[in-house]
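Written out below as structure tokens is the structure these notes cover.
The values are calculated or read from the model by the stated rules, or taken from the named source; none is laboratory data. As the structure is a computational prediction, the values presented were derived from the model and not from experiment. Please note: Cβ atoms are built from the backbone with ideal geometry, for glycine as well, and neighbour counts cover all protein chains shown.
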Amino acid sequence: MLFASHCGMFLRDHLREVGERCRQFFFFESEENLEALAFLVGLTHDFGKYTTYFQDRLLGKKDWGKLSDHGFLSALYTAFAVERSAESFRMGEMEKFLPLVAFFVVFHHHLDLRSLGYVGERLEEGGESWVVIEKQITNLREHAEDISGELEALGLPPLSSFFEDLEPLRMRLRKAKYHFENHLTEERQAQIAILVLSLFSALVDADKKSAGKIEMIERRVLPASLVETYKEQHLGNQKNSGPIDVLREEIFVQVVTRVPSIDLRRHHLFTLTAPTGSGKTLTSFAFALKLRERIEKEWGYSPRIIYALPFISIIDQNFAILSQVLAQIEDFQENHSAYLLGHHHLSELRYEEGGEEKEIDMALSLIESWESEVIVTTFVQLFHSVVGFKNRLLRKYHNLARSIIILDEVQNVPGEYWSLLRRVFLLLARYLGCFIILVTATKPFIFEEGEAIELLPEGKRYFRTFSRVVLRPRLAKPQ
């Protein structure tokens, strides 16, 4: 018997492709190589499609209702497979939670994330969900020989062992859930939460790209001197035309020359506090380009640059400036979207690469997963991705890993969110290797003393020069 994952796609081929892509997409800062975990999650995420209930629905023969669903059954087999390989991950205390992490991720890969309590209810014996599982297991037994051959070819544990271990597995998952909720420190829970989000995002994006037959977009080179070249060509006559222009250039040089002195392992959080009109857009982007170049040389990967702003009006303005800077690259026009992408609720649904405009479904997939070197977006889009639960918004989360995130005009974030953002930024820096730059003229107290490096430490003196408005109160009544 042959098994399909989607119309025109064999299940075993889909599982193998998603496993490879999931391993490629996933990142989590750890001494151990967790890419093997990501591969295994991708390789097993659609195991439940081996039931004839699902195959009948896919082929249009009959919809068996909940018996045709595959998420819960797939999650159980994934947890079983991860448990069988858990010793190879050697993560100390976290190791015992990896089967639960894998179960949670696969359970939701077609859903929005829900609470661990909701998932725990599905593991209760005698519940409606478990009755469905028992019927699906009976169905798998009827075709065990065909399924076992495919699992063996994929290097996965045999069906017979899964059947025998199903009830003990259910109990171990419930025990791990209880231990997570009642015995772990808040920091350890946060660490596992970031692992879940990164793994979930990698799986969702890999799965959707495989199902949609979306080809990978080639990464592009961004010369570190783009901003300097742009300034020389477009602003050359203005650089020394007056005292304000001289100070803008002085600020620019002070900031970008900080890059070589940064300790890449310890320094991930930065602030740039400079007056309005001092050229913070180009300065912060130049800093990001030079930081990216240094990371490429020393660590061997190319960080994406994510430029987030509070308002669509200034997004359009800054997007236009960055377009002009990047337009100096020879193949920019024919690969516009691979270099620069604008993403907010009013942005145009277009993706141009290879000299052609992608079809609408492919364009949507590439835009929602932020397949570009530079992404200009809103605070809302960014924050809903780093603290959200929506499947669609979390799809891009894995591309946040090891990125350089610029938050311009960050003082516009309401004060009640500062504590949350500080916590999230610290976690992104620690576990996803993100470099975060807060750009503002009126620095909010998001980070505590010593947590972030100010890129313009003597910036106060520039505010006096850039103070170009004089208020003359006239309170006396007119004669």
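Just a few scattered comments:
- Taking the numbered list (1) on the phi > 0 side of the Ramachandran plot; (2) within 15 Å of the chain's Cα centre (by Cα); (3) surrounded by fewer than 22 Cβ atoms within 10 Å (Cβ to Cβ) in turn, Tyr431 passes all entries but (1).
- Qualifying residues in region 146-204 (those that are aromatic (Phe, Trp, Tyr) and closer than 17 Å to Lys96 by Cα) - the one surrounded by the fewest Cβ atoms within 10 Å (Cβ to Cβ): Tyr178
- Thr276 meets all of the listed conditions (1) of a type in the set (Val, Ile, Thr); (2) assigned to a helix (DSSP H, G or I); (3) out of contact with any Phe, Trp or Tyr (no Cβ under 6 Å at 6 or more places or on another chain) but one, namely (2).
- Any hit, region 225-233, residues being aromatic (Phe, Trp, Tyr), more than 21 Å from Trp370 (Cβ to Cβ) and in the same structural domain as Val132 (by TED's automatic domain parsing): no
- Condition check for Glu150 on (1) closer than 28 Å to Lys209 by Cβ; (2) of a type in the set (D, E, K, R); (3) free of Cβ contacts under 8 Å to residues at least 60 places away in the same chain: one failure, at (3).
- Checked against the criterion of being closer than 30 Å to Arg423 by Cβ, surrounded by fewer than 15 Cβ atoms within 10 Å (Cβ to Cβ) and either of a type in the set (Val, Ile, Thr) or in contact (Cβ under 8 Å) with a residue 60 or more places away in the chain (or both), the candidates Thr283, Thr276 yield just one match: Thr276.
- Test for Phe311: is it more than 17 Å from Cys434 (Cβ to Cβ), loosely packed, with under 15 Cβ neighbours inside 10 Å, assigned by TED's automatic domain parsing to the domain that holds Lys443 and aromatic (Phe, Trp, Tyr): yes
- Scope region 392-418; condition surrounded by fewer than 21 Cβ atoms within 10 Å (Cβ to Cβ), in a helix (DSSP H, G or I) and either modelled with pLDDT of 95 or more or among the hydrophobic types (A, V, I, L, M, F, W, C) (or both); matching residues: Leu393, Trp418
- Residue list for region 11-34, filter: of a type outside the set (A, V, I, L, M), outside any loop (DSSP other than H, G, I, E, B) and surrounded by 17 or more Cβ atoms within 10 Å (Cβ to Cβ): Arg12, His14, Arg16, Glu17, Gly19, Arg21, Cys22, Arg23, Phe25
- The residue of region 108-123 that is nearest to His179 (Cα to Cα), among those that are in a loop (DSSP other than H, G, I, E, B) and in contact (Cβ under 8 Å) with a residue 40 or more places away in the chain, is Leu123.
- Residue in region 143-161 that is over 21 Å from Leu43 (Cα atoms) and either modelled with pLDDT under 95 or assigned by TED's automatic domain parsing to the domain that holds Ala202 (or both) present: no
- Hits in region 328-356 - residues which are at pLDDT 90 or above and either over 22 Å from Ile315 (Cβ atoms) or assigned by TED's automatic domain parsing to the domain that holds Ala206 (or both): Glu330, Asp331, Glu334, Glu356
- Filter pass, Leu322 being touching a Phe, Trp or Tyr at 6+ places or on another chain (Cβ under 9 Å), assigned to a helix (DSSP H, G or I) and at pLDDT 95 or above: yes
- Selection status of Ser347, buried (at least 17 other Cβ atoms within 10 Å of the Cβ) and in a loop (DSSP other than H, G, I, E, B): yes
- Considering only residues in region 381-391 that are out of contact with any His (no Cβ under 8 Å at 6 or more places or on another chain) and not small (Gly, Ala, Ser), the one that is surrounded by the fewest Cβ atoms within 10 Å (Cβ to Cβ) turns out to be Val387.
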